[in-house]
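Notes follow once the structure below has been shown.
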Amino acid sequence: MTQRQDEAIVLRTWSFQEADLLVSFFTRRQGRVKGVARHAMRSRRRFGGALEPMTHVRATWAEKPKQELVRLDSFEILWSPLRDPVDYARSAALSLVAEILESALPEHAPEDDIFRLTLATLNYIRAGEVWMPITYFLLWTTRLMGWMPEITQCCVCSESLRGGAIFYSPMRDGLTCVIHRGNGSVSISADSAALAQRIFSKPIGEFEQFPRERGADLRRFTVSTLERHLDDKLLSARALARI
């Protein structure tokens with residue numbers, strides 16, 4: 001049996017057997033891991049509130065060769081979303097981050113860039129911001145997963161897309177100019193296209209909080225792209241969009 005300890009973010013829990021919980025958590029060095037928290041539903045003494053989704057923890061677990069599930073020993077809370085005031089927008093944003101990571105990341109595949117991106121996103125949501133960090137997270141996660149199309153030139157004619165509105169189809173990859181947009185294409189405004197280019201060239205610390213209206217079309221585009229590649233709906237994205 002191998003003992004491991006790593007920084008991690010709790011993604012999701014399920015009931016498992018009588019009093020156990022099945023826990024999916026995203027670690028810095030081991031990627032996404034799934035394990036069993038014994039008796040966690042019967043006694044909160046060992047894990048307390050550390051199993052709440054999007055809690056940042058120092059996780060200790062044991063794993064055996066050829067066993068899919070690890071045994072969770074302890075989770076030390078580094079930050080919990082329950083420590084700060086909870087509102088609907090913040091809760092929906094955290095749920096969307098957790099749902100994307102749970103759906104997109106394969107097990108035991110380290111993704112340090114996405115881990116650092118997630119921590120940065122949590123820090124800004126913790127400070128009370130929602131729309132800037134979630135927009136930043138959606139764009140960069142789509143790119144880091146390899147699903148973001150080229151945003152500076154038309155996929156049909158290769159003409160520059162800088163300075164104007166751009167178009168995408170929910171059914172296929174690629175961004176186009178106004179001339180080569182297809183039936184059913186959806187537009188992304190020139191302001192949002194410029195925002196996307198800035199996001200891909202600057203760290204999150206250089207962005208200020210912005211209102212819900214800004215980047216809404218970018219968020220719809222990235223959610224559409226993620227859902228197409230995941231072949232599933234992101235239910236938390238619908239909750240966030242209703243705000």
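Each value in this text was obtained by applying a stated rule to the coordinates, not by laboratory testing. Since this is a predicted model, take the numbers as computed values, not measurements. A quick note on method: Cβ atoms are made from the backbone with ideal geometry, for glycine too, and the neighbour counts reach across all protein chains shown.
Out of the residues in the range 81-110 that are within 17 Å of Leu226 (Cα to Cα) and among the charged types (D, E, K, R), state the one that is surrounded by the fewest Cβ atoms within 10 Å (Cβ to Cβ).
Among those that are within 17 Å of Leu226 (Cα to Cα) and among the charged types (D, E, K, R), it is Glu102.
List, please: which pairs have Cβ atoms under 8 Å, are six or more places apart or on different chains, and start with a residue in the range 173-196 that is within 23 Å of Tyr136 (Cβ to Cβ) and end with one that is outside any helix (DSSP H, G or I) and of a type in the set (S, T, N, Q)?
Val186/Ser169
Take Glu129 and decide whether it is of a type in the set (D, E, K, R) and either within 14 Å of Glu52 (Cα to Cα) or in contact with a strand residue (DSSP E or B) (Cβ under 8 Å, 6 or more places away or on another chain) (or both). Spell out the reasoning first.
Details: of a type in the set (D, E, K, R): yes; either within 14 Å of Glu52 (Cα to Cα) or in contact with a strand residue (DSSP E or B) (Cβ under 8 Å, 6 or more places away or on another chain) (or both): no.
Considered against the rule, which asks whether it is of a type in the set (D, E, K, R) and either within 14 Å of Glu52 (Cα to Cα) or in contact with a strand residue (DSSP E or B) (Cβ under 8 Å, 6 or more places away or on another chain) (or both), Glu129 comes out as no.
For the structure I just gave you, tell me whether Met148 is assigned to a helix (DSSP H, G or I) and touching a residue at least 24 places away in the same chain (Cβ under 8 Å).
Numbers: assigned to a helix (DSSP H, G or I): no; touching a residue at least 24 places away in the same chain (Cβ under 8 Å): yes.
Here the answer is no, as Met148 does not meet what is asked.
Can you list residue pairs whose Cβ atoms sit under 8 Å apart, with the first residue in the range 94-113 being β-branched (Val, Ile, Thr) and the second being surrounded by fewer than 17 Cβ atoms within 10 Å (Cβ to Cβ)? Count only pairs 6 or more apart in sequence or on different chains.
The qualifying pairs do not exist here.
Would a scan of the range 56-65 turn up a residue that is polar (S, T, N, Q) and either on the phi > 0 side of the Ramachandran plot or out of contact with any Gly (no Cβ under 9 Å at 6 or more places or on another chain) (or both)? Spell out the reasoning first.
First pass over the range 56-65, keeping only residues polar (S, T, N, Q): 60.
Keeping just the survivors that are either on the phi > 0 side of the Ramachandran plot or out of contact with any Gly (no Cβ under 9 Å at 6 or more places or on another chain) (or both) gives 60.
Yes, that holds for at least one residue.
Yes or no: Glu208 acidic (Asp, Glu), surrounded by fewer than 13 Cβ atoms within 10 Å (Cβ to Cβ) and over 28 Å from Pro81 (Cβ atoms)? Break it down stepwise before answering.
On the way: acidic (Asp, Glu): yes; surrounded by fewer than 13 Cβ atoms within 10 Å (Cβ to Cβ): yes; over 28 Å from Pro81 (Cβ atoms): no.
When the stated conditions are applied, Glu208 does not pass them.
Being of a type in the set (A, V, I, L, M, F, W, C), touching a Phe, Trp or Tyr at 6+ places or on another chain (Cβ under 8 Å) and farther than 21 Å from Arg83 by Cβ narrows it down to one residue among Val10, Val36, Val57; which is it? Spell out how you get there, then give the answer.
On the way: Val10 fails: farther than 21 Å from Arg83 by Cβ; Val57 fails: farther than 21 Å from Arg83 by Cβ.
Within the list Val10, Val36, Val57, the selection yields Val36.
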